Amino acid sequence: MFERCIYFNTNALARRLNERWDTAFARFGLAPSHGYLLRLVLERPRLSQQAIASELRLEKSTVARFLDELEKRGLVERRRSGRDPRQNEIVPAPAARRMQKDLEALGDELYAEMCKSIGSAEVKAFVKSARAIADSL
C-alpha cells in the first residue's frame, strides 16, 4: 500500500532519524535544529538571518525563534551589520566557540554511523536526491 507513498516513507524515516539526532544533541542540551544553526554560525559568522534561513531551508520566522533561544542561552549574538544597518549579523558567542570542536565531532559521528548502517555511497546519493527533490517541490 505504501510502496509509492513519498509522504509516508519520508515521515517514517524522519521519525527514526529524529530519535537518533535528538539523543545525540541532548548531550549539548540542544535540539538538532538549534545545533545545526549553531554549527552554521560557527562556520560562517556574520551571516544575516535571511542567509541562515536560506542555507537551512527554513522560514525566516523559524530562524528568528531559534536565534532567540540560542541568544537567551548565550550561544549567539545579534550585531548590527556594517553593510546594512537595517540588518543584524549573527555571530557565535564565546560559549559556542568552546563547543565548536565537540559539535563538529558529533556531526562526523552521526555521518559515520549512517555510512556504516547504510553505506557511504547510499548516504551521499540519498542526500543529493533529497535536496534535489526539495528544490523541485
With the full set of protein chains in place, find how many percent of the accessible area of segment 32-137 is carbon and sulfur; take the probe as 1.4 Å.
52 percent
Relative contact order for the chain using alpha-carbon pairs under 8 Å, separation at least 6, rounded to a whole percent?
19 percent
Quick one: among GLY107, GLY35, GLY74, which has the greatest mean-square fluctuation in a GNM of the chain with alpha-carbon springs under 10 angstrom?
GLY74
Roughly how many Å² of ASP22 are accessible to a 1.4 Å probe, to the nearest 10?
80 Å²
What relative contact order, as a whole-number percentage, does segment 1-73 give when Cα pairs under 8 Å and 6 or more residues apart are counted?
20 percent
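Rounded to the nearest 0.05, what FRET efficiency do ALA51 and LYS72 give with R0 = 25 Å and r taken as the Cβ-Cβ distance? Could you check? Intermediate results must be reported in sequence, preceding the final value.
Working: r = 22 Å, r/R0 = 0.86.
Calculated transfer efficiency: 0.70.
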Taking placed amide H atoms and a strict 5 Å upper bound, the residues 5 or more places from GLU89 or on another chain that come that close are ARG79, ARG80, SER81
Of the listed values (i) 33, 15, 12; (ii) 29, 19, 13; (iii) 46, 23, 12, grab the one calculated as semi-axes √(5λ) of the Cα gyration tensor in Å from the structure here.
(ii)
Along the charge dipole of the chain, pointing to its positive end and built from +1/-1 on Cβ of Lys, Arg, Asp and Glu, which listed residue (ALA26, LEU13, MET99) has its Cα farthest out?
MET99
Give me the accessible area of ILE118, 1.4 Å probe, in Å² rounded to the nearest 10.
100 Å²
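The values are calculated or read from the model by the stated rules, or taken from the named source; none is laboratory data. Keep in mind that this is a model prediction, so the values were computed, not measured. Cβ coordinates were reconstructed from backbone atoms using ideal geometry, including for glycine residues, and neighbour counts include every protein chain displayed. Note: accessible area is taken over every heavy atom of the protein model, side chains too, but ligands, DNA and RNA are not part of it. Shrake-Rupley method; radii C 1.70, N 1.55, O 1.52, S 1.80 Å.
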